[in-house]
Amino acid sequence: MIIDLHVHTWPKSQCSQIEPVELVLKAKELGLDGFCLTEHQVLWDLEEVRKLAADNGIKIFRGNEITTAQGDILVFGLEKDIQGVVTARALWKDVEEAGAFAIAAHPFRGFKTFGVGQLEMNLDQAAAKKVFKYVHAIEVRNGKVSDNDNALAEQVAEKLGKPGTGGSDAHLIQDLGVHVTIFEKNIEDDAQLLAELHAGRFKAGALP
């Protein structure tokens, strides 16, 4: 099952230009099986998602992108409303208590600008980034960062033994599906998505 695990829509994410209905149509056109709405600090209402999905043949899931002092974290299965900047450690406590799942989003955004060489950062130093202590997985394919950013994230994920996910991080409709997460099993709802994430039955990939 091919799911874009990281998508933003307007107006829930003010930085996005994607209308929710437009998103459903584009997902069908691309051949996605589903996508996850991961707005900034906003969790979609379940009934809203059901109405949006209707009978379109596209599965729509809910997540949240939380801003922490150590970096952005995608969270699935957490119903708590979290506002403002929190610490990754505090968020991790909420995640663990709820049985939720946390993914470090675009952990090396800006790597191309600042450069590992320029910062004299080796792989060990990159892997020591604090956010990785407080997540289950790492986004190794993100559509809004450079290939170098993604390559470093993939190397770190491998070094730390954490699974990697993929998502477009789309804010414009043409970016949808540029990176995806491929799940081994069919997923019908948020609960099943959470179960498959915890089971590790997925990998970052691309549309065929």
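The values are calculated or read from the model by the stated rules, or taken from the named source; none is laboratory data. A quick note: this is a predicted structure, and the numbers were derived from the prediction, not measured. Glycine gets a Cβ as well: all are built from the backbone with ideal geometry, and neighbour counts include every protein chain shown. To get the accessible areas, we keep the full protein, side chains included, count just its heavy atoms, and leave off ligands, DNA and RNA. Shrake-Rupley method; radii C 1.70, N 1.55, O 1.52, S 1.80 Å.
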Item to complete: Being in contact (Cβ under 8 Å) with a residue 40 or more places away in the chain and within 17 Å of ILE82 (Cβ to Cβ) is the filter here, so list the residues in the stretch 37-59 that pass it.
Response: THR38, GLN41
Discussion item. Exactly one of these conditions fails for ILE103: (1) at pLDDT 95 or above; (2) assigned to a helix (DSSP H, G or I); (3) in contact with an Asp or Glu (Cβ under 7 Å, 6 or more places away or on another chain). Give me its number.
Written reply: (2)
Fill in: Breaking point among (1) surrounded by 14 or more Cβ atoms within 10 Å (Cβ to Cβ); (2) at pLDDT 95 or above; (3) of a type in the set (Gly, Ala, Ser), for GLY161
(1)
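Kindly indicate the residue of the stretch 28-54 that is among the acidic types (Asp, Glu) and loosely packed, with under 13 Cβ neighbours inside 10 Å and also nearest to PHE183 (Cα to Cα) among those meeting that condition.
GLU29
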Discussion item. I'd like the full set of residues that are touching a helix residue (DSSP H, G or I) at 6+ places or on another chain (Cβ under 7 Å), part of a helix (DSSP H, G or I) and modelled with pLDDT under 95, limited to the stretch 117-158.
Written reply: LEU123, ALA126, ASN148, ASP149, LEU152
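Got a number for residues in the stretch 159-177 being assigned to a loop (DSSP other than H, G, I, E, B), in contact with a strand residue (DSSP E or B) (Cβ under 6 Å, 6 or more places away or on another chain) and of a type outside the set (Ser, Thr, Tyr)?
Result for the stretch 159-177: 5.
For the stretch 5-27, does any single residue satisfy the condition of being open to solvent by 30 Å² or more (accessible area, probe 1.4 Å) and assigned to a strand (DSSP E or B)? Before the answer, list the steps.
Initial filter on the stretch 5-27 (open to solvent by 30 Å² or more (accessible area, probe 1.4 Å)): 10-12, 14-15, 17, 19, 21-22, 25-26.
Then drop every residue that is not assigned to a strand (DSSP E or B), which leaves none.
No: zero hits.
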Practice prompt. Residues being without any contact (Cβ under 8 Å) to a residue 60 or more places away in the chain and outside any strand (DSSP E or B): count how many of those fall in the stretch 60-82.
Written response: 7
Fill in: Meets criteria (surrounded by 13 or more Cβ atoms within 10 Å (Cβ to Cβ), over 28 Å from ALA54 (Cβ atoms), touching a Ser or Thr at 6+ places or on another chain (Cβ under 8 Å) and touching a residue at least 40 places away in the same chain (Cβ under 8 Å)) for VAL140
yes
